[in-house]
Amino acid sequence: MRIAITTPTGNIGRSLTKRLLDQGGHDLILLARSPDKLKQEQPRGAKVAQGDLEDAVYVKKATQGADAFFFLCPPNFGVPDYRAYYGELAKAGADAVKANTIKHTVLLSSVGAHLPEGMGPILGLHDAEKIFVQATQGLTILRPGWFMENYFWQLEPIKHMNSIFVPLSGDVTAPMIATTDIAERAARVITGPAASQPKIVSLHGPKDYSMDECAKIISQGIGKEVRHVQITSEQAKVSFLGMGATEGVAEAMLEMYAAFQAGKLKDEVPRSPDTTTPTTFETFVKDVLAPVLRG
Ligand SMILES: NC(=O)c1ccc[n+]([C@@H]2O[C@H](COP(=O)([O-])OP(=O)(O)OC[C@H]3O[C@@H](n4cnc5c(N)ncnc54)[C@H](OP(=O)(O)O)[C@@H]3O)[C@@H](O)[C@H]2O)c1
């Protein structure tokens, strides 16, 4: 089977690519801006189609002949309007699926994407879902919770200030998921039968963790006390702008955090054995975060 994969250098895309290469028997087309970053994948048989997902002509050409397509809207803090940006990327992806009559598509979305307002960047994924539903057949939408990898934004504060700075109170809980578990489900879906009608798969991690609990688990995992510190929206905005966010993106991120704090950013389906994924936050800290912090 010929499978086209976007963002193969990202958290989910790289792990998905590795899983499919390990399985063998698939013909992989990796849509990437920098083939140099795929030095392990290319000798294993994956082909790179070099280009930018903002270029709809490129996406269409790169996915010609694909039987299946994994599509993810990559984050971009530098755009004026996050929602519009995701919508444009999704349109390019969905147009390619339609033009190339790709019969099996997996779209990476998010918890909260069913909600039409007040969700910040997730509204872009709300739109992306609608665009793909209208344009494609054989669609599965993955809606994962909060990525454990978000703690990579906190490496410097953890290292130098023994703190995690987030505009959320310590008792706020989230269905935190390791991106390897999202990739595992994406691999399973994309190598299985295509859905006969648009299907939504929610992914909730092993359990809901509070922010304070995560700080405690990180403390235990790295052997020093780290505190969760709730910062104000103003402080968070300064931080986002410092990370290169435009005014529009910073405001969108604040809207998302406010929805989270208010308990509005929730999935429409409850946790079940099918939405529960195996990697615990303890395992993520031991195997992924702590080694990076040790440098
Ligand atoms: N963070 C969360 O808690 C959360 C929760 C639910 C859903 N999500 C969604 O998950 C997605 C992020 O997934 P992820 O963490 O796997 O992504 P990621 O690690 O941030 O990877 C994105 C990759 O996309 C590539 N890229 C960026 N812009 C591109 C462009 N214009 N054209 C082609 N490639 C481009 C980058 O590769 P190069 O730099 O190598 O080109 C990068 O490696 C987003 O859609 C986000 O909204 C996130």
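The alpha carbon centroids of region 267-295 and region 218-264 are separated by 19 Å.
Each principal axis of the Cα cloud of region 41-96 was evaluated for its coordinate range; sorted largest first, these ranges are 38, 22, 16 Å.
Once backbone amide H atoms are built at 1.01 Å from N, HIS104 has PHE69 as its partners under 5 Å, excluding neighbours fewer than 5 places away on the same chain.
Phi-derived couplings, Karplus 6.51 cos²θ - 1.76 cosθ + 1.60 at θ = phi - 60°, listed residue by residue for region 66-81: 6, 8, 9, 9, 9, 10, 9, 7, x, x, 8, 6, x, 8, x, 9 Hz, with x used for Gly and Pro. Between the amide H of VAL48 and those of LEU30, distances stay under 5 Å, these residues lying 5 or more places away or on another chain, with hydrogens modeled in the peptide plane. Taking each residue as 0.36 nm, the span from GLU282 to LYS266 lengthens on full extension beyond its C-alpha to C-alpha distance by 3.5 nm. Relative to the first principal axis of the alpha-carbon coordinates of the chain, what is the inclination of helix 82-99, with its axis defined by its Cα atoms, in degrees from 0 to 90 and to the nearest 10? Tilt of helix 82-99: around 20 degrees. What are the semi-axes of the equivalent ellipsoid of region 199-295, taken as the square roots of 5 times the eigenvalues of the Cα gyration tensor, listed largest first and rounded to whole Å? Value: 25, 23, 13 Å, ordered largest first. With the biggest extent put first, the Cα atoms of region 81-125 measure 35, 20, 13 Å across the principal axes. VAL288 sits among other residues whose Cβ lies under 14 Å from its own Cβ, and their net charge, with Lys and Arg +1 and Asp and Glu -1, is -1.
What the phi angles of region 126-132 give under the Karplus curve with 6.51, -1.76 and 1.60, with θ = phi - 60°, is a coupling list of 4, 5, 4, 4, 5, 4, 5 Hz, glycine and proline written as x. The phi-based Karplus calculation (6.51 cos²θ - 1.76 cosθ + 1.60; θ = phi - 60°) puts the 3J(HN,Hα) values of region 47-64 at 9, 9, 9, 7, x, 10, 5, 6, 9, 5, 5, 4, 4, 5, 5, 5, 9, 4 Hz, whole numbers, x for Gly and Pro. Checking the Cα-Cα distances for LYS60/LYS103; LYS159/LYS224; LYS91/LYS237; LYS216/LYS264 against a 18 Å cut-off, the pairs over it are LYS91/LYS237; LYS216/LYS264.
For the chain, the mean residue ellipticity at 222 nm estimated from helices alone is -12000 deg cm²/dmol, where every DSSP H run of n ≥ 4 contributes -39500 (n - 2.57) and the total is divided by all residues, rounded to the nearest 500.
Mind grabbing the base-10 log of I(q)/I(0) for region 164-220 at q = 0.20 Å⁻¹? Debye formula, identical points on the C-alpha positions, no solvent, two decimal places. Treating every Cα as an identical point scatterer, log10 I(q)/I(0) equals -0.81.
The residues packed around MET253, meaning those with a beta-carbon under 14 Å from its beta-carbon, carry a net charge of -3 if Lys and Arg are +1 and Asp and Glu are -1. Spin-label model, VAL133/LYS159: points 7 Å from Cα along the beta carbon direction are separated by 4.4 nm. In percent, what relative contact order does region 1-90 have, based on Cα pairs under 8 Å that are 6 or more apart in sequence? About 32 percent, as a whole number. From the P(r) of region 31-143, can you give the percent of Cα pairs sitting at distances over 26 Å? For region 31-143, the share of Cα pairs beyond 26 Å comes to 19 percent. What does the charge count near ASN162 come to, summing +1 for each Lys or Arg and -1 for each Asp or Glu among other residues with Cβ under 14 Å from its Cβ? Its environment carries a net charge of +2.
Relative to the longest principal Cα axis of the chain, at what angle does helix 233-242 sit, 0 to 90 degrees, rounded to 10? The angle comes out at about 50 degrees. The simple spin-label model puts a point 7 Å past each Cα toward its Cβ; for GLN40 and GLU117 those points are separated by 4.6 nm. Highest GNM mean-square fluctuation among ALA262, ALA92, ALA178, for the chain modelled with Cα contacts below 10 Å: ALA262.
Considering only PRO144, PRO273, PRO167, the Gaussian network model of the chain with Cα springs below 10 Å gives its largest mean-square fluctuation to PRO273. The relative contact order of the chain comes to 19 percent, based on Cα pairs under 8 Å that sit 6 or more residues apart.
Relative to the longest principal axis of the Cα atoms of the chain, helix 179-190 runs at roughly 20 degrees.
Put the Cα centre of region 32-85 next to the Cα centre of region 158-216 and the gap is 23 Å.
Considered as an equivalent ellipsoid built on the Cα gyration tensor, the chain has semi-axes of 31, 21, 19 Å, the largest given first.
Here the alpha carbons of region 117-262 define both size measures, Rg and Dmax, at 17.4, 51 Å.
Bear in mind these aren't lab numbers, they're just calculated from the coordinates by the rules spelled out. Everything numeric in this text was worked out from a predicted model, so none of it was measured. Positions of Cβ are generated from backbone atoms using ideal geometry, with glycine treated the same way; all protein chains shown enter the neighbour counts.
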